[in-house]
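We did not get these values from a lab; they are worked out from the coordinates using the rules stated. Small disclaimer: the values here were computed from a predicted structure and weren't measured. Every residue, glycine among them, receives a Cβ derived from its backbone with ideal geometry; neighbour counts consider all protein chains shown.
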Amino acid sequence: MNKSVYSKYFSCAMRSRGIYLTSTVFSVVSSALAVLIQLFLWKALAAAGVKNNISFDDMAAYVAINAIMLALTNSNLANEIGASIRDGSVVNVFTRPASFELAQLFTMLGGNMHRLLATAIPAITLTSVFARFPLPSSAVNGLVFLPLAITGIIITFLLIYLTGLYAFWLQKTWYLSFYLRAGFALFGGTTVPIWFYPDMLERVSRVLPFRYITFEAINCYLGKTPLSTSIEALLYGLIWVAALQGLVCLVWRGVNRKVCYNGG
């Protein structure tokens, strides 16, 4: 299959996000405000001694890296798939010489690359102004951080894509997307780092895929866990990728049967 097909999905999605200058400016401003609010909040909590072994510099770095990684993983893909099913345009999927899953992946990455540029610049700049933005705690940690981050992006895509596929039966998936976002926020440490979780919630998060999206990668970058623990987290993340991909294949087979049963 021609790889250039997917590069076109990527480039078209990126260009479509950058067409409207006002929207881009608004994204930069809103990202800057979100980072500022979090920095001031965590500075106040650090001054109050929220946790002895977590400094403000740690929290500032967490906020910045988390913002960058969320820019790479956020997507409205599930709702977009549902909309294409309701208006009938999804039928084009079955006539294109491309994998529907890979087309959606590269579309998400292309759109998120534009979002990354609008988020990374204010996040890194503001963090550098108010705190010390650290390099990885070691060269090895930096190397392990990259596959952890990529694994997190793939897990996010598979969860959102799987939710979107259920639109072939449900038509609307906004409520499933709501629960999925709640899972990201509660068990993924995207709002409050899992460092501050009570033991019970921390244990629950270990058996769910959400903490392997951004939290474990940031943990590794900052050197908050031993390298062996980060490698173990990477293995768990890859297991989740395999399990979710297997589930996606099963659901996609059901989608094909359903479309066939309904006349194509």
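Assorted remarks:
- Among THR156, THR24, THR119, residue whose mean-square fluctuation peaks in a GNM of the chain (springs only between Cα atoms under 10 Å): THR24
- Listed residue (VAL204, LEU159, GLY183) projecting farthest to the positive dipole end of the chain, Cβ model: LEU159
- Charge dipole of the chain about the Cα centre (unit charges at C-beta), most positive-ward option of PRO134, MET14, VAL63: MET14
- Restricting attention to the chain, lysine pairs at least eight places apart or on different chains and with alpha-carbon atoms under 27 angstrom apart total 4.
- Ascending count of other beta-carbon atoms within 10 Å, so fewest first, for TRP195, TRP240: TRP195, TRP240
- Short-range pairs are left out: with C-alpha atoms under 8 Å and at least six residues apart, the relative contact order of segment 3-261 is 25 percent.
- For the chain, the mean residue ellipticity at 222 nm estimated from helices alone is -25500 deg cm²/dmol, where every DSSP H run of n ≥ 4 contributes -39500 (n - 2.57) and the total is divided by all residues, rounded to the nearest 500.
- Global form of segment 182-233, assessed from the alpha-carbon gyration tensor, a/c cut-off 1.5: prolate
- For the pair ASN76 and LEU102, the difference between a 0.36 nm per residue extended length and the Cα-Cα distance amounts to 7.8 nm.
- Listed residues LEU105, LEU135, LEU126, most fluctuating in the chain (Gaussian network, C-alpha, under 10 Å): LEU135
- Kirkwood radius for segment 3-261, taken over all pairs of different Cα atoms as the inverse mean of 1/r, rounds to 19.5 Å.
- Placing +1 on the Cβ of every Lys and Arg and -1 on the Cβ of every Asp and Glu, with no other charges, gives the chain a dipole of roughly 560 debye about its Cα centre.
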